[in-house]
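S.K.: Have a look at this one.
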Amino acid sequence: MSGPEGPYFRQLQHDAQQAHCRLVSLASHSFPVHVRASPWMAAPLHVPGPVMAIGDVHGMALQLDALLGWFNMACPDATLVILGDLVDRGDDSALALALTTLEIAWKNRHQAGKGQWLLGNHETTMLAWLAGNDSVLENWAQHGGRWLLPPNLAHAVGQRALHPLEAAKLRAAAAQRLPPSAWQALLTHTHPAWEWGTMHFAHAGVDPTDPTPLQSALQAFQSGHSQPGPSQAALKPACTTIRNAFLKHQGPYAMGEHWVVVHGHSITKQVGLQGWRLSLDSGCFMSGVLSAALVEQGRWRLIQAMGRLSHWMGPGSRSTQRMAASPPWG
């Protein structure tokens with residue numbers, strides 16, 4: 001990033017002001033969000049320093065803001081890991097992106113390396129479409145992506161094949177609806193996976209037969225990317241999409257019996273440590289509960305922000321139309 005007076009940080013300051021206004025507006029039409037923390041639980045977790053990972057946000061910006069507030073009060077020196085799928089389905093995806101961008105930028109400016117932002121399958125698909133891959137548009141829109149589509153241009157998506165000029169116009173208008181600093185951060189400061197001690201962090205999980213999943217994730221990420229976003233080849237690496245092969249695996253992974261994988265992606269009522277994986281997707285847009293885990297050497301605790309759930313019920317719901325009806329940013 002550039003220096004404190006550089007254009008990127010000036011844009012961050014502008015976006016921070018917009019984020020504050022949107023938080024106030026969103027909170028005024030919602031129930032309060034409460035954060036609860038479990039007692040510490042002993043576990044064979046090996047990390048060189050404290051780390052907090054936040055599961056799938058899916059646009060639930062109030063819950064995310066509450067968790068980030070708790071984090072900065074309770075453990076400001078810990079490393080923060082965002083596990084991906086910040087966008088789609090919830091009440092304000094643009095605000096969730098802005099809050100994450102501001103937090104990661106602040107962490108890495110003052111505590112280099114202590115802000116880790118991992119891509120989920122929803123961000124990867126969104127970036128692929130913004131980069132020109134029209135084959136993913138309809139499926140992404142049906143799974144919550146309509147928040148980014150201007151309503152005056154989005155009506156034809158799923159109804160008929162778009163003319164190339166229509167697609168280009170839709171894409172250009174959509175890019176303008178992202179917070180500018182978040183757009184730059186998504187392209188330059190996100191990663192597919194991260195390791196800390198003997199803990200592997202990835203949005204969806206790992207191929208349990210791969211002894212070097214971080215290396216595989218980085219290779220897929222680097223080979224699949226083209227400017228300004230990932231190509232079709234980068235859409236389905238194990239770290240962002242794997243499910244059954246990972247969830248149903250019994251016993252330790254190929255990388256070693258001491259490793260634990262921290263992930264989201266697969267909604268479960270039983271978030272927490274289960275054998276060799278720590279699951280953190282509590283389906284916030286449906287449950288109103290956003291889950292995180294704070295890990296220290298030999299122990300961990302569950303942190304949850306609880307508020308109202310999203311009204312998102314599918315691509316044809318009134319809530320989705322409501323979110324598309326007002327620009328999510330600016």
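The values are calculated or read from the model by the stated rules, or taken from the named source; none is laboratory data. Owing to the predicted nature of the structure, the values given are computational and were not obtained by experimental measurement. All Cβ positions, even for glycine, are placed from backbone atoms using ideal geometry, and neighbour counts span all protein chains on display. Protein only, heavy atoms only, side chains kept; ligands, DNA and RNA dropped before computing areas. Shrake-Rupley method; radii C 1.70, N 1.55, O 1.52, S 1.80 Å.
S.K.: Using label points projected 7 Å from each Cα along Cα→Cβ, tell me how many nm separate His155 and Asn72, to one decimal.
M.R.: Modelled inter-label distance: 4.2 nm.
S.K.: Picking from Lys248, Lys107, Lys236, which is most flexible by a Gaussian network model of the chain using Cα springs under 10 Å?
M.R.: Largest GNM mean-square fluctuation: Lys248.
S.K.: Another question about this same structure. Per residue, how many Å² of accessible area does the chain show with a 1.4 Å probe?
M.R.: Roughly 43 Å² per residue, with all protein chains present.
S.K.: If you roll a 1.4 Å probe over the chain with all protein chains in place, what percent of the accessible area is carbon or sulfur?
M.R.: Of the solvent-accessible surface of the chain, carbon and sulfur hold 56 percent.
S.K.: Using DSSP, restrict attention to beta bridges with both residues in the chain and report what percent are antiparallel, rounded to the nearest 5.
M.R.: 65
S.K.: Oh, and also: Determine the dipole magnitude for the chain: charges of +1 sit on the beta-carbon of Lys and Arg, -1 on that of Asp and Glu, nothing else is charged, the reference point is the Cα centre, and the result goes in debye to the nearest 20.
M.R.: 560
S.K.: First select every other residue whose beta carbon is under 13 angstrom from the beta carbon of Leu148; then total the charges, Lys and Arg +1, Asp and Glu -1.
M.R.: Summing Lys/Arg as +1 and Asp/Glu as -1 gives +1.
S.K.: Pairs of alpha-carbon atoms within less than 8 angstrom and 6+ residues apart define the contacts here; what relative contact order does the chain have, in percent?
M.R.: Value for the chain: 27 percent.
S.K.: Also, I was wondering about something else. Just from its helices, what would the mean residue ellipticity at 222 nm be for the chain, if runs of 4 or more DSSP H residues each count -39500 (n - 2.57) and the sum is divided by every residue, rounded to the nearest 500 deg cm²/dmol?
M.R.: It lands at -11000 deg cm²/dmol.
S.K.: Which peptide among 130-139, 38-47 comes first, and what is the full order, when sorted by highest mean count of other Cβ atoms within 10 Å?
M.R.: 130-139, 38-47
S.K.: Based on alpha-carbon centroids, what's the gap between the range 56-102 and the range 112-161 in Å, whole number please?
M.R.: One Cα centre to the other: 19 Å.
S.K.: Remind me, relative contact order of the range 7-142 in percent, using alpha carbon pairs under 8 angstrom and six or more residues apart?
M.R.: It rounds to 23 percent for the range 7-142.
S.K.: I want to check the label-to-label distance for Gln13 and Met41. Put each point 7 Å from Cα in the C-beta direction and report it in nm to one decimal.
M.R.: Each label point is offset 7 Å from its Cα along the Cβ direction, giving 4.5 nm.
S.K.: Still on this model: Return the aspartates and glutamates within reach of Lys248: Cα separation strictly under 19 angstrom, same-chain partners fewer than 8 residues apart disregarded; answer none if there are no such residues.
M.R.: Partners within reach: Asp207, Asp210, Glu257, Asp281.
S.K.: Need the list of lysines near Lys107 for cross-linking: C-alpha distance under 28 angstrom, and skip anything on the same chain fewer than eight residues off.
M.R.: In chain and number order, there are no partners.
S.K.: Reachable lysines from Lys169, Cα under 29 Å, same-chain residues fewer than 8 places away excluded?
M.R.: Correct list for Lys169: Lys236.
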